[in-house]
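As structure tokens, the structure follows; a few thoughts come after it.
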Amino acid sequence: MSTIESITLDVDDPTAADRFYTDALGLDGRVRTRLATEPSTGFRGYTLSLVVAQPGNVQALFDAAVAAGATVLKPVAKSLWGVGASVQAPDGAIWKFATSAKKDTVPVGRDFDRLVLLLGVDDVPASKRFYAEHGFAVGKSFGSYVDFDTPRSPIGLGLYKRRALAKDAGVPEEGSGSHRLVIASGDGAYTDPDGFAWAPVTAPADV
């Protein structure tokens with residue numbers, strides 16, 4: 001079964017980006033950065049989500065991210081499915097904080113249960129087949145959304161129609177240039193139908 005071991009974000013200032021992800025979000029090395037060499041404008045076609053246990057943790061992560069320079073895309077709000085918010089990090093990556101819980105049950109903190117990469121794709125069925133052929137087992141699939149079953153993966157993976165993902169994040173769909181994202185897995189180097197680059201864990205993540 002395929003896994004995602006880490007992701008690398010291409011950024012304009014790796015030192016500042018590393019500080020944001022360490023100090024504000026408390027990430028443990030699953031998100032790495034390197035100096036960007038390719039241009040990128042607008043929506044980059046993906047979001048990263050921190051799934052947490054309770055609403056207070058959503059608020060805590062949101063507050064820490066904004067205090068560290070993130071731009072508010074969607075403030076913390078309740079919905080039918082739970083509580084969520086989204087921000088754009090200073091390097092341009094879009095982050096979502098979410099929980100299905102309705103109330104806090106333990107002391108509030110910035111702990112999270114799961115890190116999930118959601119790729120915006122043009123043809124969901126085609127991308128679903130592509131990733132199934134690369135060892136990702138489908139967990140949930142309906143309409144324009146696919147959630148892969150990755151119990152042993154440090155980072156979860158999902159697919160969403162690009163337009164719907166941009167709307168969910170709170171940004172315009174338009175974007176061009178590099179995704180500024182490389183996904184590290186143990187399954188070798190390849191590029192998916194939407195141009196997302198995968199690289200071996202043991203090799204430099206070059207695009």
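The values are calculated or read from the model by the stated rules, or taken from the named source; none is laboratory data. The structure displayed is predicted, hence computed values, not measured ones. Heads up, the Cβs are rebuilt from the backbone with ideal geometry, glycines too, and the neighbour counts pull from every protein chain shown.
Scan the range 2-18 and give yes if some residue there is polar (S, T, N, Q), touching a residue at least 60 places away in the same chain (Cβ under 8 Å) and assigned to a strand (DSSP E or B), otherwise no. Yes, the range 2-18 contains at least one residue that is polar (S, T, N, Q), touching a residue at least 60 places away in the same chain (Cβ under 8 Å) and assigned to a strand (DSSP E or B).
Report yes if Val31 is buried (at least 17 other Cβ atoms within 10 Å of the Cβ) and either more than 24 Å from Ala189 (Cα to Cα) or not β-branched (Val, Ile, Thr) (or both), otherwise no. Judged against the criteria, Val31 is not a match.
What number of residues in the range 11-34 are under 15 Å from Pro90 (Cβ atoms) and either touching a helix residue (DSSP H, G or I) at 6+ places or on another chain (Cβ under 7 Å) or of a type outside the set (Phe, Trp, Tyr) (or both)?
Residues of the range 11-34 under 15 Å from Pro90 (Cβ atoms): 11-25, 27, 31, 33.
Cutting the leftovers down to either touching a helix residue (DSSP H, G or I) at 6+ places or on another chain (Cβ under 7 Å) or of a type outside the set (Phe, Trp, Tyr) (or both) gives us 11-19, 22-25, 27, 31, 33.
Matching residues across the range 11-34 total 16.
Could you please let me know if Ala85 is modelled with pLDDT of 95 or more, small (Gly, Ala, Ser), part of a strand (DSSP E or B) and in contact with a helix residue (DSSP H, G or I) (Cβ under 7 Å, 6 or more places away or on another chain)? It is true that Ala85 is modelled with pLDDT of 95 or more, small (Gly, Ala, Ser), part of a strand (DSSP E or B) and in contact with a helix residue (DSSP H, G or I) (Cβ under 7 Å, 6 or more places away or on another chain). Between Ala126, Ala64, which is of a type in the set (A, V, I, L, M, F, W, C) and either more than 19 Å from Gly195 (Cβ to Cβ) or touching a strand residue (DSSP E or B) at 6+ places or on another chain (Cβ under 6 Å) (or both)? Of the residues listed, the single one that is of a type in the set (A, V, I, L, M, F, W, C) and either more than 19 Å from Gly195 (Cβ to Cβ) or touching a strand residue (DSSP E or B) at 6+ places or on another chain (Cβ under 6 Å) (or both) is Ala64. Residue-level analysis places Ser185 outside the set of residues that are surrounded by fewer than 19 Cβ atoms within 10 Å (Cβ to Cβ), in contact (Cβ under 8 Å) with a residue 12 or more places away in the chain, of a type in the set (Ser, Thr, Tyr) and in contact with a strand residue (DSSP E or B) (Cβ under 6 Å, 6 or more places away or on another chain).
Taking the conditions (1) of a type in the set (Asp, Glu); (2) within 30 Å of Thr41 (Cα to Cα); (3) surrounded by fewer than 20 Cβ atoms within 10 Å (Cβ to Cβ) in turn, Asp113 satisfies each one other than (2). Of all residues in the range 49-70, none that is free of Cβ contacts under 8 Å to residues at least 12 places away in the same chain has its Cβ atom under 7 Å from the Cβ atom of a residue that is in a helix (DSSP H, G or I) and β-branched (Val, Ile, Thr), 6 or more apart or on another chain.
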